[in-house]
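Structure record follows, encoded as structure tokens.
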Amino acid sequence: MLNNKVVKMDCLFCKIVKGEMPAKKVYEDDSVIAFLDINPANPGHTLVVPKKHTETIADIEDSDLEKVIVVVKNIAKKLKDELDTAGLNIVQNNGKLAGQLVSHIHFHVIPRFAGDQVIITYQRAQVDENKMEEIRKKLTEEAAPAPKDLDLDF
Ligand SMILES: [Zn+2]
């Protein structure tokens, strides 16, 4: 049985989850917390965070991710309704290189307004056809079959 209350002592978001750091909470349930980003890209910029400490999208349990993404959707709808947004970005960074500043998985829900100063972009890379096909094959290879359940028939 997994402990749903896993926390990491030095983690900023775990401290917010435990109530040891203040946050402008906009939503909380048993598994998920959402609060306004202290350094927002725009007014209403909200972070949606699973309470259980995991670092990246590759680490989080599916069942926790499902709960988080539904809250992301609900926050997005709320921002649209209450702040009359013109658009919305959902940003989820994994790893320092990708801009993840707090090593506890989180989703940024960023409302957009006409004329705002938010820039979310990337340069298009040139990737040749052979490399594309090599990557496609890697991504579609069947995963190694899971080991069969041990048949402890004794
Ligand atoms: Zn944490």
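Only the coordinates and a few stated rules stand behind these numbers; no lab work does. Model, not experiment: these values are computed from the prediction. Don't worry about glycine lacking a Cβ; one is built from the backbone with ideal geometry, like all the others, and counts go over all protein chains shown.
Observations on the structure shown:
- Sparse-neighbour loop sites [trypsin sites (Lys or Arg not before Pro); the stretch 44-145; at most 12 other C-beta within 10 Å; DSSP]: Arg124
- As an equivalent ellipsoid, the chain spans semi-axes of 31, 26, 14 angstrom, where each value is the square root of five times an eigenvalue of the C-alpha gyration tensor, largest first.
- Filter on Lys15/Lys137; Lys18/Lys77; Lys96/Lys131; Lys96/Lys138 - keep pairs with C-alpha separation over 31 Å: Lys15/Lys137
- Coarse-grained scattering of the stretch 57-125 at q = 0.15, 0.22 Å⁻¹, given as base-10 log I(q)/I(0) from a Debye sum over alpha-carbon atoms: -0.61, -1.07
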